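S.K.: Once you've had a glance at the structure underneath, I'll fire off some questions.
The values are calculated or read from the model by the stated rules, or taken from the named source; none is laboratory data. Computed from a prediction, not measured in an experiment: that's the story for all the values here. Quick reminder, even Gly has a Cβ in these numbers, built from the backbone with ideal geometry, and neighbours come from all protein chains shown. Heavy atoms of the whole protein, side chains included, go into the accessibility calculation; ligands, DNA and RNA do not. Shrake-Rupley method; radii C 1.70, N 1.55, O 1.52, S 1.80 Å.
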Amino acid sequence: MTSQSQSLQQITDNWQHVSANVKAAAKAAGRDPESVTLVGVTKYVDASLAGDLVTAGCHDLGENRPQMLWSKAESLAELGPITWHMIGHVQTNKLRRMLRYRPLIHSVDSPRLLEAIEQESEHQQCTTDVLLEVNISGDAAKTGLAPETVKELLKQSQSQSVRVMGLMAMSGLGSDQNAALQQFQQVAQLRDDLQQSTGIELPELSMGMSGDYEQAIQAGATLVRIGSALFAGLLDR
Ligand SMILES: *Cc1c(COP(=O)(O)O)cnc(C)c1O
């Protein structure tokens, strides 16, 4: 058993280490370190360890299941403002409760989901920011839209209640860091092409996880989604 103060110490060390790496990777790429947001992915841990991460200084938290997002959001409400990030598959029947926490939804992967977000946002009289998830690696096991279909969805998308802010992607299963870099560069290129052809600004690129965030930052990521590196030393292995 690790005591509560030990877990806070460990998470604070991890947070400082990973934050410093993120800033160094941005500088090495000639980018402003402030242009990259580190999203702490808390799906592996309970609300108490997620709260330690907030105390350590992380105010952007990501979850891959809507129920986990809203239960942590409710548990951690007293810690002050947290920006929530939904990074996994969303079933439309979970939207109503989840949208109360005004998450950035990284994982829009169908026209149907986009429409449902639009309707529910109208109902809650809010604007929801979303990213379109692209399957850049072509892995059948990975979710996301084929690059060819992203453009169609983007054209039908902008409205009062939903704003597409950019793209999200994951590197393919088993990709080494070099292959991951190439895939992230393809995502950035796709974003540039889409901006050109549609005139819609797409400032955000959500890509990079614990094993490949430095490559993602090199390719232009503005949001990196990091879980295991932040909870190193605390997870069962
Ligand atoms: C779990 C998860 C992450 C974090 O992965 P780590 O390798 O633990 O950093 C990032 N993005 C998505 C979509 C995830 O499901």
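S.K.: Which residues among segment 110-144 fall inside the zone where the amide N is under 11 Å from a point 7 Å beyond the Cα of Gln91, along Cα→Cβ?
M.R.: Counting backbone N atoms under 11 Å from the label point, the list is empty.
S.K.: Kindly write out, for segment 56-72 in residue order, the coupling ³J(HN,Hα) from the Karplus curve 6.51 cos²θ - 1.76 cosθ + 1.60 (θ = phi - 60°), rounded to whole Hz, with x marking Gly and Pro.
M.R.: Listing the rounded values in order: 5, x, 8, 10, 10, 10, x, 9, 9, 10, x, 4, 6, 5, 6, 5, 5 Hz.
S.K.: Right, something else. Run lengths n ≥ 4 of DSSP H only: what is the helix-derived mean residue ellipticity at 222 nm for the chain, with -39500 (n - 2.57) per run over all residues, to the nearest 500?
M.R.: Calculated at 222 nm, the ellipticity per residue is -13500 deg cm²/dmol.
S.K.: Go through segment 165-170 residue by residue and turn each phi into a ³J(HN,Hα) via Karplus (6.51, -1.76, 1.60, θ = phi - 60°); whole Hz please, and just put x for glycine and proline.
M.R.: My calculation for segment 165-170 gives 9, x, 10, 10, 8, 10 Hz in order.
S.K.: Using a Förster distance of 41 Å, how high is the FRET efficiency between Ile200 and Ser75, based on the Cβ-Cβ distance and rounded to 0.05?
M.R.: After rounding to 0.05, the efficiency reads 0.65.
S.K.: OK, next. Per residue, how much accessible surface does segment 3-231 expose to a 1.4 Å probe? Answer in Å², no decimals.
M.R.: For segment 3-231, the solvent-accessible area averages 45 Å² per residue.
S.K.: Report, by chain and number, residues whose modeled amide H sits under 5 Å from the one on Leu145, excluding near sequence neighbours (fewer than 5 apart, same chain).
M.R.: Answer set, sorted by chain and number: Glu133, Val134, Asn135.
S.K.: Multiply the residue separation of Ser48 and Glu148 by 0.36 nm, subtract the distance between their alpha-carbon atoms, and state the gained length in nm to one decimal.
M.R.: Contour length minus the Cα-Cα distance gives 31.8 nm.
S.K.: Determine the share of the chain's accessible area contributed by carbon and sulfur atoms, expressed in whole percent, with a 1.4 angstrom probe.
M.R.: Numbers: 5130 of 11290 Å².
Roughly 45 percent of what the probe reaches on the chain is carbon or sulfur.
S.K.: Placing unit charges on C-beta atoms (Lys and Arg positive, Asp and Glu negative, everything else neutral), compute the dipole magnitude of the chain about its Cα centre in debye, rounded to 20.
M.R.: 260 debye
S.K.: Hey, how much of the P(r) for segment 3-231 falls beyond 26 Å, as a percent of Cα pairs? Please report the intermediate quantities before stating the final value.
M.R.: Working: 9231 of 26106 pairs.
Summing the P(r) of segment 3-231 above 26 Å gives 35 percent of all pairs.
S.K.: Enumerate the residues in segment 204-237 having an amide nitrogen under 15 Å from the point lying 7 Å beyond the Cα of Gln189 toward its Cβ.
M.R.: 219-220, by backbone N distance to the label point.
S.K.: If you don't mind, another one. Give me the percent relative contact order of the chain, please, defined on Cα pairs under 8 angstrom at least 6 residues apart.
M.R.: 20 percent.
S.K.: While we're on this one: Mind listing the phi-derived Karplus ³J(HN,Hα) values for segment 224-230, rounded to whole Hz, using 6.51, -1.76 and 1.60 with θ = phi - 60°, and x for any glycine or proline?
M.R.: Per-residue couplings from phi come out as 10, 10, 10, x, 4, 5, 7 Hz.
S.K.: Can you list the residues, at least 5 places off or on another chain, whose amide H is less than 5 Å from the amide H of Glu204, using H built in the peptide plane?
M.R.: Close amide H contacts, sequence-distant or interchain: Gly166, Leu167.
S.K.: Grab the other residues whose beta carbon is less than 13 angstrom from that of Gln156, score K and R as +1, D and E as -1, and report the net.
M.R.: That works out to 0.
S.K.: Sort Arg163, Arg100, Arg112 by heavy-atom solvent-accessible area, probe 1.4 angstrom, most to least.
M.R.: The most accessible residue leads, giving Arg112, Arg100, Arg163.
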